[in-house]
Structure formats: structure tokens, C-alpha cells
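Everything below concerns the one structure shown next.
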Amino acid sequence: MDPTSPEAQAELTRRHKSAATTVVGLLVATVLLSVVAFLADAYLIDKPNPNLDIALRIVILILGLGAVVWRRTKFQPMRLQDIAGLGGVSALLKTLEKTTVQIALLGAGIAAIGFIATLMTGNERYSYWAGAIAVVVFIYAYPTKTSWLRTLYRFTDKSA
């Protein structure tokens, strides 16, 4: 399929909209978790847990860095070139969408872990801190249509 064909452009629009909507939806959910933690602050009982604090920081660090590594691995030029060569435009767009959603889910996992730690310890700062890191992951994962279009043109044969 030619990347400039109406079918390819329609699929690009559909898959991009789906991925972008997912990222924005999870971003809104993350902000809402922080708002809930803020509103629940008066009802939470402070139970400090140093072991949980250290474990939480390590897990969030690993997930945050894992999101960067995952994206860089999945979007390596040689890999995308092979996917486009074997599966064409459709496979390339599916890969872009799937990887974007996977990274966004890592961000949502970070936010959820922070909120759960808030509920366990009574310290709302876990939700804020994890939410801030999750927002950075969402911004990193957010797909711009121009970058997807550039990728599509770069890795597909226009004469096919």
C-alpha cells in the first residue's frame, strides 16, 4: 500500500487518534488520582514505612527508565524498516500504535503504584511524585501525527 494513498492516510488518522486518545485519557486519570489523594488527605492516617518508600522509589525509577528504553528499542530504525518491509504500511502503523499504548500503560502503572502507596502509608506525596513522573512518561509517549507521517514516509516504499 502506498503511504500517500487515501486508505493509508485513513488508517494513519484512525490509529493516531486511538493512540493519542489513550495517552490523554490515562493522563487525565493520573491527574484525577492526584486530586483524589489531595481530597482524601484529611481522611488518611499517617503510617510511615521506610521499606515501602525505598521499594517504591526503585520500582518507579525502573518503570520510568523502562519506558524510555522500551520506546527506543521498539522504534529502532532497523526494526521499523524490517516491519515495513515485511508487513507494509499497516504493520508499521500498528507497531507505532501498540508501542505508544504500551508506554502509556507504563505511565499509568507508575501513577497507580503511587496512589496505592498513598493509601497504604497515608502520605499523599507518593501520588504527587509518582503522578509527576507518570506525566513526564505520557508527554514522552504522546504521538505527534507529523512524526508518525515522517516515519511512514521514511520506512515505506512510495513506489509500491
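We did not get these values from a lab; they are worked out from the coordinates using the rules stated. Only a predicted model underlies this, so the values are computations on that prediction, with no experimental measurement involved. In this analysis, Cβ positions are derived from the backbone assuming ideal geometry, glycine residues included, and neighbour counts consider all displayed protein chains.
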Folded to 0 to 90 degrees: helix 125-141 orientation relative to the chain principal axis, Cα | 10
What residues have an amide H closer than 5 Å to that of residue 124, excluding those fewer than 5 places away on the same chain, when H is modeled at 1.01 Å from N in the peptide plane?
-> none
Local net charge near residue 96, Cβ-Cβ under 10 Å (Lys/Arg +1, Asp/Glu -1) | +3
Structure-derived volume of the Cα convex hull per residue in Å³ - corresponding label in [x] 86; [y] 184; [z] 148 | [x]
Could you list 43, 142, 153 in order of exposure, starting from the residue whose Cβ has the fewest other Cβ atoms within 10 Å?
-> 43, 153, 142
Give me the aspartates and glutamates in straight-line cross-link reach of residue 74: C-alpha distance below 14 Å, same-chain residues under 8 apart excluded.
-> 82, 97
